[in-house]
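As structure tokens, the structure follows; a few thoughts come after it.
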Amino acid sequence: MIPKIYYQIQFEILEENYDIAVALLSTYPITGIEEGLDELTVTLIHGIKPEDVSADMIAVLENVGIKATIKGIHDIVEQNWEKQWEESLQPIKVTDDIWITPSWKKDEVHGKYVIIIDPKMSFGTGYHPTTRMVCRMVEESVTPQSQWLDVGTGTGVLAILAVKAGASSCLGFDIDEWSIENAKENVTINNVETKVAIIQHDVAAFPYENYHGIAANLYRNLLLPALPSFFKALSLHNGILIVSGILVYDAEEIIMEAEKQGFTLNEKLTEGEWCAIRFSLRI
């Protein structure tokens, strides 16, 4: 049997634009997207060649203000992707109490909060510093019977953690259809369907209501315009805002803008070039 040939396109794209870029590129006939440092590598489905889609991909990205250039094009021979993917994922110890693990490794870990995440292309496996840092803050911030909002839910990991840590409910949303499908599957395998709802929505257009806490794992360009809506949604309960997905050199700008909106800085965590920030409301 002749092995199938797949093509990969490497795009040079700033990390701050990953959320939107991944959402747009996911609408094309692809099998996956890998993240690097200011780089996204797209693997096309069998039978699709780079010249069929590359120019259109660039045009779509540039249409929303994302500068993208092609760094390289490669062909790869078909492999057992599922087996390789499963072998590469291991349980992650986030804190003494929090473990994030794929379902096929769940019997190997024991903790107060064991969160089973079977990722597809969604963000939030526990391997990225932003997910680990925001998990620590959510664990410390959730109070019994509180209501939370998970903005940019990805795999649903933060929504699942929130209710396991004591929240009565958590609504998670994401613009990416692939993420919504994956998050719903993870909610089911964690047996929290009665407390976690997952919907598809845009950050800017979402009808924010009243919450005790908001976790937003977003890049700067999505986070800054949403701060006024976050403040309003937290005002009734004097709630907590936890933001991540932030590069360290953007942190001061975000803190300054949040303080203008009425937030007070409580804590900032840094890991590598990423940080997470927790705010309360200034009263």
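The values are calculated or read from the model by the stated rules, or taken from the named source; none is laboratory data. Keep in mind that this is a model prediction, so the values were computed, not measured. Quick reminder, even Gly has a Cβ in these numbers, built from the backbone with ideal geometry, and neighbours come from all protein chains shown.
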Fill in: Matching residues, segment 228-261, being hydrophobic (A, V, I, L, M, F, W, C) and either assigned to a helix (DSSP H, G or I) or not assigned by TED's automatic domain parsing to the domain that holds V157 (or both)
F230, F231, A233, L234, V248, A251, I254, I255, M256, A258
Worksheet entry | Pairs with Cβ under 9 Å, 6+ apart, first in segment 36-65 and in contact (Cβ under 8 Å) with a residue 40 or more places away in the chain, second among the acidic types (D, E) | H46/E78
Fill in: F173 being in the same structural domain as T130 (by TED's automatic domain parsing), part of a loop (DSSP other than H, G, I, E, B) and out of contact with any Asp or Glu (no Cβ under 6 Å at 6 or more places or on another chain)
no
Worksheet item: Can you find a residue in segment 262-269 that is assigned to a loop (DSSP other than H, G, I, E, B), farther than 25 Å from A23 by Cα and assigned by TED's automatic domain parsing to the domain that holds S103?
Response: yes
Fill in: Subset tally (residues that are at pLDDT 80 or above, over 20 Å from E12 (Cβ atoms), outside any loop (DSSP other than H, G, I, E, B) and not hydrophobic (A, V, I, L, M, F, W, C)) for segment 42-97
2
Discussion item. I'd like the full set of residues that are out of contact with any Phe, Trp or Tyr (no Cβ under 9 Å at 6 or more places or on another chain), polar (S, T, N, Q), part of a helix (DSSP H, G or I) and touching a residue at least 12 places away in the same chain (Cβ under 8 Å), limited to segment 176-205.
Written reply: N182, N186
Discussion item. Restricting to segment 144-162, count the residues that are touching a strand residue (DSSP E or B) at 6+ places or on another chain (Cβ under 8 Å) and either surrounded by fewer than 24 Cβ atoms within 10 Å (Cβ to Cβ) or assigned to a loop (DSSP other than H, G, I, E, B) (or both).
Written reply: 6
Worksheet item: Identify, please: which residue in segment 206-227 is polar (S, T, N, Q) and not in a helix (DSSP H, G or I) and is, among those, modelled with the lowest pLDDT?
Response: N217
Worksheet item: Does any residue of segment 17-28 turn out to be under 23 Å from W274 (Cβ atoms), surrounded by 14 or more Cβ atoms within 10 Å (Cβ to Cβ) and either without any contact (Cβ under 8 Å) to a residue 40 or more places away in the chain or in the same structural domain as Y249 (by TED's automatic domain parsing) (or both)?
Response: yes
Item to complete: Name every residue in segment 129-143 that is within 15 Å of K112 (Cβ to Cβ) and in a loop (DSSP other than H, G, I, E, B), in order of residue number.
Response: V142
